[in-house]
Amino acid sequence: MSNGNKMEHSVAIIGGGFSGLGAAYGLNQGGCSKITLFEASNRLGGRTWTVKTNGHTIELGAQYFHVHKSEIYEFAKKCGAVIQDDARKRYENFESIIVLPDGTRLDQELADSFWDDCYYDNAHKIIMDKDYDQSITTSKVAVLKLFEEWRQRNAEKLASYSSSHIEALESLLRRSVQLQESLGTEDWSNVVLSSYREWLVDSENLNEPTAHGGYGKIVEYVVSQLPANCVKLNHRVSEIDWSSDDGVYLSFEGQEKPQRFDRVVVTCSVGVLKNTLNQMWKPPLPLEKRQLLREITVGQLDRVVAEFPQRFWAKECSNSFEYSVAEKENEPNFFSNIVSVESHPNALLLWVVGHQTLELYQMGQEALSDAIVKFLSLVFPDVDPNKLRPSKIHRSNWGQDRNFLCGYSHQQLVSGAKHVRETAERLAKPLLAKDKKTPLVLFAGEATANEHYATVHSAWNSGRREASRLLADFSSRRRDGQHFIRSAI
């Protein structure tokens, strides 16, 4: 758009994750240059978090691109943030190793068939079926039935394992479906898996991309496309006053005078929105919006990345692997599993989920280092414990960080996929001015997206969606010779 067609409406965007960046990018591309993006922390990216260390990059947030046909993927290609692998070859070389509670390793053929027959292959077949929305794919009942069938098929090979080993495998499988169950209902699992289906279809003829150089590279690229000095870090919004006819007034911690904007796009995490329902909004959010936010549940999921002086697992496995450690009865493991870090040859990723994250937030670095050594000793019992101690530890703390207050969000539902999509659309519904048609405060974020669930591109697309909504309103207002909200009231 030429300078003569620049739109002079002022827009504030609250939150510098990918939904906020998507809104800013879309507005700027559409000719709205009076954009201010306020981020409460000292960095952009939201729940993507790229850390540079010892000449490598690691991700403490999102890492992969799950859909190729997306604007984010195109940006990644432009700024050199993509490695293209042959997806099938990559997964053929991937090692999924199962360690039983007493340190026994399950035979690798059995380990592969365990996951394939009891979980992945079955889910893949049902997802790819045209009737996948009506299928129960990952319920505990369905998976345990498959486990029993797997046991019978492999009875001869399993004869050398004890009954406690078999029980531990069943427990491991239960834990693996627990996250899906925590997402609400079996119907919600199907909704989430519908995005996986899109990825599978898209991957049939395309290589699978992974982030190289981190999502941080993409953040830098997007910011380079925005107006200079439009990003304000370390600006925490304390109040959103949308009671006036002439715009929205934002108050900030540490600042006495509020700032006025024609429109505001809110992209805070669901955790933050839920936590600030009673104090941030003036007047309060409409009852429907408050009820929707209360219906959405938040969960905790954090990454711990440990760097080591030497790669002690070099002879143990390939460059791409995952260790799953079965638990002893009534003795849950602190870490859920260990995964290779493709971008750093001397680092391991350990996942912490659910209630264990609360313990993580209370741990100092020394205590966390001890916990890592203890867990790795189960997997690598023959390695000198001194070699298992990390030289450097990086960790996320999404649930404790006041800028997020959750690792992810999901809905507790009884009405299925249709209700999930309707809820997302209702959550995205703007707050209107007194004319009942002017979008005054708009909402973006992955919880407002009705496709590509729990992905970076769903967050980005939601920001772009709200930018388009505003641009359409601005264009209509300009045709009618209007500008400020009061002109329409």
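The values are calculated or read from the model by the stated rules, or taken from the named source; none is laboratory data. Keep in mind that what you see is a predicted model, and the values were worked out from it rather than measured. Cβ coordinates were reconstructed from backbone atoms using ideal geometry, including for glycine residues, and neighbour counts include every protein chain displayed. Just so you know, the surface numbers come from the protein's heavy atoms only, side chains and all, with ligands and any DNA or RNA stripped out. Shrake-Rupley method; radii C 1.70, N 1.55, O 1.52, S 1.80 Å.
Taking the mean number of other Cβ atoms within 10 Å as a proxy for protection, how do you rank 107-114, 45-52 from highest to lowest?
Ranked from most to least packed, the peptides come out as 45-52, 107-114.
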Tensor-based shape of the stretch 222-381 (alpha-carbon gyration tensor, a/c under 1.5 rounded, otherwise prolate or oblate): prolate
The stretch 336-409: Cα Rg divided by the 2.2 N^0.38 Å rule of thumb: 1.18
Area accessible to solvent at E167, 1.4 Å probe radius, in Å²: 120 Å²
Peptide ranges 30-43, 272-285 listed from the most packed, as the mean C-beta count within 10 angstrom indicates: 30-43, 272-285
Cα→Cβ-extended label distance, 7 Å offset, between Q108 and R421, nm: 4.4 nm
Simple label model, 7 Å out from Cα along Cβ direction - K145 to R311, nm: 4.4 nm
Ranked by how many other beta carbons lie within 10 Å on average, peptides 216-224, 382-390, 142-150 from highest: 216-224, 142-150, 382-390
E256-L432 FRET efficiency (beta carbon distance; Förster radius 25 Å; 0.05 resolution): 0.30
Linear extension gain, A472 paired with R43, 0.36 nm per residue minus alpha-carbon span: 151.4 nm
Accessible-area ranking of C230, C268, largest first, probe 1.4 Å: C268, C230
Unsatisfied cross-links (Cα-Cα over 31 Å) in the set K157/K387; K145/K429; K257/K289; K145/K274: K157/K387; K145/K429; K145/K274
Extension gain, Y161 back to Y64 (0.36 nm per residue minus Cα-Cα distance, nm): 31.3 nm
Accessible surface, 1.4 Å probe, highest first, among residues S10, S160: S160, S10
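How high is the FRET efficiency from R174 to D480, r the C-beta distance, R0 41 Å, rounded to 0.05? Mind showing how you got there, number by number?
Working: r = 60 Å, r/R0 = 1.47.
Computed FRET efficiency for R174 and D480 comes out at 0.10.
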Placed amide H near S409: partners under 5 Å, 5+ positions off or other chain: G299
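Taking 0.36 nm per intervening residue step and subtracting the Cα-Cα distance, what contour gain separates K387 from Q152 on full extension?
Numbers: separation 235, 0.36 × 235 = 84.60 nm, distance 4.03 nm.
So the extension gain works out to 80.6 nm.
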Local net charge near F308, Cβ-Cβ under 11 Å (Lys/Arg +1, Asp/Glu -1): +3
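Given contacts defined as C-alpha pairs under 8 Å and at least six residues apart, what's the relative contact order of the stretch 437-477, whole-number percent? Display every interim value, and only then the final one.
Numbers: 29 pairs, mean separation 16.0, N = 41.
Over the stretch 437-477, the number comes to 39 percent.
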Summed side-chain charge close to A367 - residues other than A367 whose Cβ falls under 14 Å, Lys, Arg +1, Asp, Glu -1: 0
